[in-house]
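Just so it is clear, none of the values below were taken in a lab; they were calculated from the coordinates. Predicted, not measured: the structure shown is a model, and the values here were computed from it. Virtual Cβ from ideal backbone geometry, glycine too; neighbours counted across all protein chains shown.
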Amino acid sequence: MKMLRVGKIINTHGLKGELKVLSLSDYAERFEELEWVLIEGYTEKFYIENVKYQKSNVLLSLKGYKDINEVEKFKNKYLLIDETQRRELPEGTYYIADIIGLEAYTVNNNEYLGKVVDILQTGSSEVYVIQNEKSAPIMIPFVDEFIPYISVEEGKILVNPIEGMIE
């Protein structure tokens, strides 16, 4: 089953077991729709008891976890959902899990660049990391100008690099 990252636990909050989460969703209220999440490295479901907001972060309380000492171990872990909890996305938006693994080619001469191996969240935008066996990773900002075409069905993206973007 394909797992989707919806957040990263960046810290604990207070003494009562709350978790401070950086949401990886464009939809801030995402956690209010979820009954449970998985935590990277653990097999059991963690049921969400309460969701609050603090600046750009989400504060989550999990059922059965009432003490900071019980949740410390979750710091720096990703919150995951399975595909059954997936939301339909608006046209032109994608799940990270669907983009990773796509083959990247140049727009002009269809030159193979490599596979998308990671997506870096850089605040307002994302950067696709493309890697092949022969070269260093290529970093391409996710904007229409540089990545004009994405097809999850075809398993590929097209990159329109500017001079110096690809060495």
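A few notes on this one:
- Ordering THR106, THR12 by the number of other Cβ atoms within 10 Å of each residue's own Cβ, fewest first, gives THR106, THR12.
- Charge dipole (debye, nearest 20) of the chain; +1 at Cβ of Lys and Arg, -1 at Cβ of Asp and Glu: 840 debye
- Take every Cα pair under 8 Å whose residues are at least 6 apart in sequence, average their separation, divide by the length of the chain, and the relative contact order is 19 percent.
- Low-density loop cleavage sites - chymotrypsin sites (Phe, Trp or Tyr not before Pro) in the range 1-53, where at most 15 other Cβ are within 10 Å (DSSP): TYR27, TYR42
- Charge dipole (the range 96-159, unit charges on Cβ, about Cα centre) - positive-most of ILE130, VAL143, ILE99: ILE130
- Cβ-derived FRET efficiency at R0 41 Å, GLU72 paired with TYR149, nearest 0.05: 0.40
- Fluctuation leader among GLU133, GLU103, GLU18 - the chain, Gaussian network, Cα springs under 10 angstrom: GLU133
- Using a Förster distance of 35 Å, the FRET efficiency for SER56-ASP82 (Cβ separation, nearest 0.05): 0.85
- The length gained by stretching the chain between ALA136 and LEU120 to full extension, at 0.36 nm per residue less their Cα-Cα distance, is 4.2 nm.
- Selected from GLU126, GLU153, GLU29 as most flexible by GNM, with the chain as the system and alpha-carbon contacts under 10 Å: GLU153
- A simple spin-label model places pseudo-atoms 7 Å from Cα toward Cβ; at ILE100 and GLU35 they are separated by 2.7 nm.
- Of the trypsin sites (Lys or Arg not before Pro) found in the range 90-166, those in coil by DSSP whose Cβ has at most 12 other Cβ atoms within 10 Å are LYS134.
- Counting all C-alpha pairs of the chain, share separated by more than 19 Å (%): 59 percent
- Taking each of LYS8/LYS115; LYS8/LYS75; LYS2/LYS52; LYS77/LYS156; LYS20/LYS75; LYS75/LYS115 in turn, the alpha-carbon distance tops 20 angstrom for LYS8/LYS115; LYS2/LYS52; LYS77/LYS156; LYS75/LYS115.
- Most fluctuating residue given options GLU91, GLU35, GLU44, as computed from a GNM of the chain linking Cα atoms under 10 Å: GLU91
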